[in-house]
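Heads up, the thing below is written out as structure tokens.
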Amino acid sequence: MDEIPQFVQQVMEELYAPLPRQGPGSPASTRKAFSMLGPLPEQPLILDIGCGVGAQTMELAGLTTAHIIALDVFDWALDAVSEKVVARSLTGRVHTTKQSMDAMDFREETFDVVWSEGALYIMGFENALRACRRFLKPGGFLAASELCWFRDEPPAELLSFWRHAYPDIRSVAETSQLIADCGLELLGHFTLPVRDWWDDYYTPMSRLLPRLREKYADSPVAVAMCDECVTEMSLHQKYSRWYGYEFFVCQRPA
Ligand code: SAH
């Protein structure tokens, strides 16, 4: 994965670290996906890839007595998770690890569950599926949300935005087929509701943007980053029937 320039990282931190989540999702959707898993051992081992500030990590900790490894590449995300872990007395059971998802150093067949909300696109969903399958115990589960087209022939302005922002975006049917091609059985899937994009993600982000834009008014790079967020939000307002996040729940065959 390409190295992100230091300045871009700094703006990203100021833009994303204060948000309750770093991508679309909600406690209700985490719980719904969790309810679609099959039976788990009494104290399963869960890997949460691209955990951000840990919204879904904390939900999973509340739903289970699992040991959870929360993985992210940025210190600000992992520090926020660690704070929550201490505040909720979860130190014995929730651990953080700073690793890039495309170079994870776990042994094969380690985890009962691999979880990832709004993050696997970063390493490419196909690469991610293959890596997750390797790290899952036979019979283990993968729950991951992924951006998908919901309809054919998207409007040109939407297509051109996502062609640039995430050229790998597939339809729900293509993503389901990819999951099967990567040796995982699809147990079920559902669409994240529109409010999952706004309540803890776009709405708090839109409140932050004016301040950031003012602070970095002299930096075309930072202003372009803010502009891209605004464009993404307005496209979602207009076209959420065309695309969105689909939560996929799968199993590595035993
Ligand atoms: N799951 C969280 C965050 C999703 S945003 C939520 O739904 O709120 C994607 C996350 O992936 C961010 O926290 C980002 O810091 C992290 N990330 C970006 N590149 C990464 C990489 N190469 N390896 C691991 N995590 C990465």
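The values are calculated or read from the model by the stated rules, or taken from the named source; none is laboratory data. Note that the structure is predicted; figures quoted are calculated from it, not measured. Heads up, the Cβs are rebuilt from the backbone with ideal geometry, glycines too, and the neighbour counts pull from every protein chain shown. Surface areas here come from the heavy atoms of the whole protein model, side chains and all, with no ligands, DNA or RNA. Shrake-Rupley method; radii C 1.70, N 1.55, O 1.52, S 1.80 Å.
So which residues in the stretch 210-237 are within 30 Å of Asp152 (Cβ to Cβ) and in contact (Cβ under 8 Å) with a residue 60 or more places away in the chain?
Matches in the stretch 210-237: Glu228, Cys229, Thr231, Glu232, Leu235.
Annotation: of all residues in the stretch 100-121 being open to solvent by 30 Å² or more (accessible area, probe 1.4 Å), within 15 Å of the ligand (Cβ to nearest atom) and out of contact with any helix residue (DSSP H, G or I) (no Cβ under 6 Å at 6 or more places or on another chain), the one that is farthest from Ile46 (Cα to Cα) is Tyr121. Of the set (1) over 17 Å from Val249 (Cβ atoms); (2) without any contact (Cβ under 8 Å) to a residue 12 or more places away in the chain, all apply to Pro155 but (2). For the stretch 158-180, the set of residues classified as free of Cβ contacts under 8 Å to residues at least 40 places away in the same chain and outside any loop (DSSP other than H, G, I, E, B) consists of Leu159, Ser160, Arg163, His164, Ser171, Ala173, Glu174, Gln177, Ala180, listed by residue number.
If you go through the stretch 25-51 and keep only what is near the ligand (Cβ under 7 Å from one of its atoms) and part of a loop (DSSP other than H, G, I, E, B), you end up with Gly25, Gly50, Cys51. Listed conditions (1) surrounded by 15 or more Cβ atoms within 10 Å (Cβ to Cβ); (2) touching a Phe, Trp or Tyr at 6+ places or on another chain (Cβ under 7 Å); (3) more than 23 Å from Leu147 (Cα to Cα) are all met by Ala66, apart from (2). Cβ-Cβ contacts under 6 Å between residues 6 or more apart (or on different chains), taken from a first residue in the stretch 1-27 that is under 24 Å from Ala128 (Cβ atoms) to a second residue that is among the hydrophobic types (A, V, I, L, M, F, W, C) and part of a loop (DSSP other than H, G, I, E, B), are listed as Pro24/Leu192. Kindly evaluate Leu90 against the criterion of being aliphatic (A, V, I, L, M), more than 9 Å from the ligand (Cβ to nearest atom), assigned to a helix (DSSP H, G or I) and out of contact with any Gly (no Cβ under 6 Å at 6 or more places or on another chain). The answer is no for Leu90.
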